[in-house]
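J.: The structure that follows is given in the form of C-alpha cells.
Read the figures in this text as sums done on the coordinates, not as results from a lab. From a predicted model like this one, the values you see are computed outputs, not experimental measurements. Every residue, glycine among them, receives a Cβ derived from its backbone with ideal geometry; neighbour counts consider all protein chains shown.
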Amino acid sequence: MTEATDPARRDVLGPVVGAFDAHEPPSRDLAADCVHCGFCLTTCPTYVLWGEEADSPRGRIHQIQQGLDGEPLTGSMVSHVDRCLGCMACMTACPSGVRYDRLIEATRAQVERRHSRTARERALRAAVFALFPYPNRLRLLRGPLRAYRASGLRRLVARTGLLERLAPTVATLESLTPRLTKVPRPPRRVPARGPRRAVVGMLTGCVQSAFFPDVNAATVRVLAAEGCDVLIPARQGCCGALSVHNGRTGEARRFARALIDTFTGTGMDYLVVNAAGCGSSLKEYGDLLRDDPAYAGRAAEFAARVRDLSEVLVELGPAAPRHRLAVTVAYHDACHLGHAQGVRAQPRELLRSIPGLTLREIADPEICCGSAGIWNVLNPEPAAELGDRKAGDVLATGAELLVTANPGCLMQVAAALRRRGATIGLAHTAVVLDAAIRGLPAAALTD
Ligand code: SF4
Ligand code: SF4
C-alpha cells in the first residue's frame, strides 16, 4: 500500500488532486514561470540522448503542470521524472529563471510517496539508501574491493563481460570504484600554518571519505597552508544530498538537522565542502527546513556559511607560495558546482594561479557526464553513454590530467576512460593545489 491509498496517511497528506496530494506539491506558480521557449533543450542530457520532448526540461514542466491540472500520476510521467539527472543545466540555460530544482524535488517527493515501484526497483533503491549515506558502511567495502582488485578477478570479469550480462547495476558499481588508497583519518583540529585568517569546519562526506580520503587529506593541508584552522568533527553523518535529490525529503531533513547539530558551537566562520553535490544541498538547508520552527533560523544561518573549497580559497586570496607544476589540465565543471552553485570561475582561477600549469576547456561543458548522484547506478546504460561522450571530449583536449571537484564525476569519467583504455590522470582541484604548494612533481598526479 502506498501513502496515497492508505486512508490513515490521506488525513495527514491531504486529498489527492490530479497527480499530487496536498502535502508540498510542486508549486503551480513556479511551473507557470516557464514560457516554453525551449532554450534549455539542447543543454539537457536526456534530450540530447533521446530527442524526446517528454524527456526535456520543458516537457517535464508541462507534465508537472498537467498533474497539477488533474492528470493522474501515471507510470509514463514517473519514468520521465526518474530519467531526469537533476543536473540543473536547464536552470543555467533558462532566461526566465525557472526554479526547476524546486519543481523536480517536490515532484520526486510525491513520486516516492505515492507511486508503487516494482520489487526490483524497490530492492535496488533500498540497498543504495542503506549504503551510500553511511560512510562507515561504505568504508567496510574497501577491504573486499581491494582484495577483488588484487586477485586479478577484475581484469577477468572485464574481459568476459560476465558481470554486465548478469547484473548491469552491479557491473556499474564495480566499474565506478576508484583505486583505493590507505590514508589515515584527519585529526579533529588542524591549526593554520602561519597567521590564522579563518576558522573553517570541514565536511568529510560519505563517498569522499570512504573512497577518496586522499582528497580530504589534501583539502585539509591546503586550507591549513592558506591560514585556516580546520575543524573536523569526528561523527559527521550524511548531508542528505542523495536523499533530497531522490525525493526522500523526510530522510534528508533528519540528516540536515543532525549535521547542523554536529557543527553547532564549533565557532567556524565557514563550512568548507569539497564535493559539489553536497555543497549544493547544504546551501539549500534554509529552504529544506523552512517549516521546522526549531531549525528554520539555524538552518538559514548554517547555509549562509557553506562554501565550496574553491570559493573560500578565492575569497581569502593565496598566502602559500605555489611551486611550478608543468602539466596540461582539462577542467570539468561538476553540474552541482557549475549549474547548481554557479561556481565556475573560482576553480579555474586557482588552477591558473599555479606556475607552469596550462588549462584547457572541454567541449560542451554544460552537458552532464552521467554521474548525477546515484543516477548512473539506477540508469547504467544511458549513464555509460553520457560518460563515453564526456571521456571523448576530455581526450580531445589533449590534456594529461582531468580535474574536477566531485567524487561522482571522478568515478564516472574514470570508468569511461578505462573502457577506452585511456591513461589520462584524474584529480580533484584540492589535490592539484596541494601538489603545487608542496612542490610535488607533475608525475605525482598523472601516473
Ligand atoms: S535537470 Fe538536467 S536532466 Fe533534468 S531536465 Fe534539467 S537539464 Fe534535463
Ligand atoms: S528555458 Fe526556461 S522558460 Fe524556456 S522552456 Fe526551458 S524551462 Fe521553460
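J.: Can you tally the net charge around MET91? Count Lys and Arg as +1, Asp and Glu as -1, for every other residue whose Cβ sits under 15 Å from the Cβ of MET91.
T.: Numbers: positive: ARG58, ARG60, ARG99, ARG102, LYS283, ARG344; negative: ASP33, ASP101, GLU105, GLU284, ASP287, ASP333, GLU366.
Result for the local shell: -1.
J.: For region 53-110 and region 348-365, what is the centre-to-centre distance using only Cα atoms, to the nearest Å?
T.: After rounding, the separation between the Cα centres reads 34 Å.
J.: Here's a follow-up. Considering the dipole of the chain built from charges on the beta carbon (Lys and Arg +1, Asp and Glu -1) around the Cα centre, which of THR397, ALA372, ALA415 is farthest to its positive end?
T.: Towards the positive end, the residue furthest out is ALA415.
J.: Right, something else. State the extension gain, in nm to one decimal, for the chain segment bounded by ALA319 and THR118, taking 0.36 nm per residue of separation less the distance between their alpha-carbons.
T.: Working: separation 201, 0.36 × 201 = 72.36 nm, distance 5.50 nm.
So the chain would gain 66.9 nm between ALA319 and THR118.
J.: Taking the Cβ of ILE354 as the centre, find all other residues whose Cβ is under 13 Å away and add up their charges (Lys, Arg: +1; Asp, Glu: -1).
T.: Details: positive: ARG322, ARG324, ARG348, ARG352, ARG438; negative: GLU349, ASP434.
Summing Lys/Arg as +1 and Asp/Glu as -1 gives +3.
J.: Evaluate the relative contact order of the chain (contact order divided by residue number), counting alpha-carbon pairs under 8 angstrom at least 6 apart; express in whole percent. The partial results should precede the final answer.
T.: On the way: 743 pairs, mean separation 63.5, N = 447.
It rounds to 14 percent for the chain.
J.: What does the charge dipole of the chain about its Cα centre add up to, to the nearest 20 debye, if the Cβ of each Lys and Arg holds +1 and the Cβ of each Asp and Glu holds -1? Working shown, then result.
T.: Values: 55 positive and 45 negative charges, 417 e Å.
Roughly 2000 debye for the chain.
J.: Let me ask something else. Can you sort SER76, SER371, SER353 so the residue with the fewest Cβ neighbours within 10 Å comes first? Let's see the in-between values first.
T.: Working: SER76 10, SER371 30, SER353 15.
If I rank by nearby Cβ atoms, fewest first, I get SER76, SER353, SER371.
J.: Loop-only trypsin sites (Lys or Arg not before Pro) in region 193-278, please: DSSP not H, G, I, E or B, and at most 10 other Cβ atoms within 10 Å.
T.: Working: sites: ARG193, ARG196, ARG197, ARG221, ARG235, ARG248, ARG253, ARG254, ARG257; in loops: ARG193, ARG196, ARG197, ARG235, ARG248.
Sparse-neighbourhood loop trypsin sites (Lys or Arg not before Pro): ARG235.
J.: While we're on this one: Select from CYS238, ALA225, ALA19 the residue farthest towards the positive end of the dipole of the chain; place +1 on Cβ of Lys and Arg, -1 on Cβ of Asp and Glu, and compute about the Cα centre.
T.: Toward the positive end, the furthest listed residue is ALA225.
J.: Listing HIS336, HIS36 from the residue with the fewest other Cβ atoms within 10 Å to the one with the most, what is the order?
T.: Working: HIS336 30, HIS36 9.
Ordered from fewest to most neighbouring Cβ atoms within 10 Å, HIS336, HIS36 come out as HIS36, HIS336.
J.: Still on this structure, I have one more. So what J values fall out for region 293-301 if you push phi through Karplus, 6.51 cos²θ - 1.76 cosθ + 1.60 with θ = phi - 60°, rounded to Hz, Gly and Pro as x?
T.: x, 7, 10, 3, x, 5, 5, 5, 5
J.: Would you mind pulling out the separation of the Cα centroids of region 399-447 and region 247-268, in Å?
T.: 31 Å
J.: Evaluate E = 1/(1 + (r/R0)^6) for LEU49 and GLU349, where r is the Cβ-Cβ distance and R0 equals 22 Å; express this FRET efficiency to the nearest 0.05. Please report the intermediate quantities before stating the final value.
T.: Working: r = 33 Å, r/R0 = 1.49.
Efficiency for this residue pair is about 0.10.
J.: When the helix-only estimate is applied to the chain (DSSP H runs of n ≥ 4, each -39,500 (n - 2.57), divided by the residue count), what is the mean residue ellipticity at 222 nm, nearest 500 deg cm²/dmol? Write down the numbers at each step before the final one.
T.: Working: 28 runs with 237 residues, N = 447.
About -14500 deg cm²/dmol.
J.: Can you work out D for the chain in µm² s⁻¹ from Stokes-Einstein, where Rh is the Kirkwood radius over C-alpha pairs, the temperature is 4 °C and the viscosity is 1.567 mPa s?
T.: Numbers: Rh = 22.7 Å.
D = 57 µm²/s.
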